[in-house]
1. Select, from VAL286, VAL302, the only residue that is among the β-branched types (Val, Ile, Thr) and within 17 Å of ILE195 (Cα to Cα).
2. If the requirement is being within 14 Å of VAL288 (Cβ to Cβ) and of a type outside the set (A, V, I, L, M), which of these qualifies: PRO182, PRO204?
3. The conditions are (1) touching a Ser or Thr at 6+ places or on another chain (Cβ under 9 Å); (2) within 30 Å of ASP308 (Cβ to Cβ), and ARG280 fails exactly one of them. Which is it?
4. Report whether or not GLY322 is part of a helix (DSSP H, G or I) and closer than 17 Å to ARG199 by Cβ.
5. Got at least one residue in the range 292-303 being assigned by TED's automatic domain parsing to the domain that holds GLU222, of a type outside the set (Phe, Trp, Tyr) and not in a helix (DSSP H, G or I)?
6. Can you pull out every residue in the range 244-285 that is touching a residue at least 12 places away in the same chain (Cβ under 8 Å) and of a type in the set (A, V, I, L, M)?
7. Got at least one residue in the range 283-298 being surrounded by 13 or more Cβ atoms within 10 Å (Cβ to Cβ) and acidic (Asp, Glu)?
8. For residues that are modelled with pLDDT of 85 or more and of a type outside the set (D, E, K, R), scanning just the range 299-319, find the one that is surrounded by the most Cβ atoms within 10 Å (Cβ to Cβ).
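The values are calculated or read from the model by the stated rules, or taken from the named source; none is laboratory data. What you see is a predicted model; the values in this text were computed from it and never measured. FYI the Cβ positions are ideal-geometry reconstructions off the backbone, even for glycines, and counts take in every protein chain you see.
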Amino acid sequence: MILVMIVWLRHLLGWLVSAFHSRQDLILENLALRQQLLVLHAQRPRRRFTAPHKLFWVLFRKVWDGWKRPLILVTPRTVVDWHRAGFRLYWKWLSRIRSRGGRKPVSQEIRALIFQMVAENPTWGAPRIHGELLMLGFKIAEATVSRWMRRAPRSLQLAHRWLTFLRNHREAIAAMDFLTVPTLTFDILYCFLVIAHDRRRILPCNVTPNPQAFWVVVQLCETWEEGKSPQRFLLFDRDSKFSSDVVSSVKAMGSQPLRTGFRSPWQNGIAERWVGSVRRDLLDHVIVLNQRHLRRLLHEYVPDHHADRTHLGLLGKDTPLGRIAESTPPNGNRVISLPRLGGLHHRYAVAA
């Protein structure tokens, strides 16, 4: 009984509200409600509006101010989004049928010529190449030349010249760096190393819990003792442990100190690459107990790094000390395995 009264009350309120509406509003509201009912009947599994239904509501929004009231299936925001999507589609279609404007595309001939000038003249910039193109009769902006210069393929000849430069000067370069290692008791140990660029040889490698400038100077003095001349250049980063005392000591030994740029570890790439190698080959597989344990591990790893481990880059799959390769394959001879670092790595040789 109460439910029936509620239904009758709703109809009564609806009739009272509709009595104050204009006939035009009632007709439009009825049209809007009927259109949404058609959507429900046409697509029962998924209540989605088709393109004609969306177009109806976009046009309906233009002709009636009260179009938001009868909305049930979607929100007014959705209708606005439909209108914006139709606006984009309209102008996209309109831009296709009109003549294309804007700057002219750079021809394949000009691009090839820019790439050729970049490859043959590595010291030329965009203004110089732009000037040459103007002298050849090509009308092109300097900004366009600069943009295409960045897309020029890398010259193999230029890379070969840089490789030759490194090979001619690597004997005169050494680098030093620190490696931090946590211990079993959560202490921090510091491993100091100096590496020569010529054959990737580790000159000294020592461990300390307190890396001070005086300790670094002592390590450098032990590296280049009496009668040993240091490399011409010593490369290191901007760590505070490499203080002015370290710099003055390096100069007194006859080497020129070179600091890398701020946050530029790639400028000390040889030392950083060795740090990554010792982590992957050794430290990622063990738990360091104390300073003595770490020193013993490094003293075992450095000989393996020098004599057994082959290297990429300038060494060409050789070892820093020059490992002699077998002249002929084993051909039935037994290959023996020699464990290194407690069996973590191995060296292979042909049995005599």
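1. VAL302
2. Criteria check complete, one pass: PRO182.
3. ARG280 satisfies every listed condition except (1).
4. no
5. No, that holds for no residue.
6. Selection gives VAL246, VAL250, MET253, LEU258, ILE270, ALA271, VAL275, VAL278, LEU282, LEU283.
7. No: the range 283-298 contains no residue that is surrounded by 13 or more Cβ atoms within 10 Å (Cβ to Cβ) and acidic (Asp, Glu).
8. Per the criteria, the residue is HIS305.
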